[in-house]
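The structure appears below as structure tokens.
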Amino acid sequence: MCRHQPPCPTADSADREAARMTAHHPEQGWSLLCNGVLLFDDTGELLPDGRIIAPHRPMATTLVVAEHGKGALCSRL
């Protein structure tokens, strides 16, 4: 399916999200990758064989930032 050099990762490989985009529809919240994977904005995926990969967004982290000797909490998404 892929004609890129080096070829994109297959839909079965762990790094499948690294494949190049062939269609992008941000208004609808999805992109089609070269390997046939539908990638959704919520990080969920639909594989070409019909398997579903649940969304896997990273957990939000909390940073402590020192400003002029004071500690402040900041959220990072």
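The values are calculated or read from the model by the stated rules, or taken from the named source; none is laboratory data. Quick caveat: nothing in here was measured; it's all calculated off a predicted structure. Quick reminder, even Gly has a Cβ in these numbers, built from the backbone with ideal geometry, and neighbours come from all protein chains shown.
Taking the chain as the region of interest, the strands (runs of 3 or more DSSP E) fully inside it that hold 2 or more residues being hydrophobic (A, V, I, L, M, F, W, C) and at pLDDT 75 or above are 21-25, 30-33, 38-40. Here the condition is being surrounded by fewer than 16 Cβ atoms within 10 Å (Cβ to Cβ), free of Cβ contacts under 8 Å to residues at least 12 places away in the same chain and under 21 Å from R57 (Cα atoms); of D15, D42, it holds for D15 alone. Looking across the stretch 32-52, just one residue is small (G, A, S) and under 10 Å from the mean Cα position of the chain (by Cα), and that is G44.
For the stretch 18-39, filtering for residues that are surrounded by 14 or more Cβ atoms within 10 Å (Cβ to Cβ) and aliphatic (A, V, I, L, M) leaves 6.
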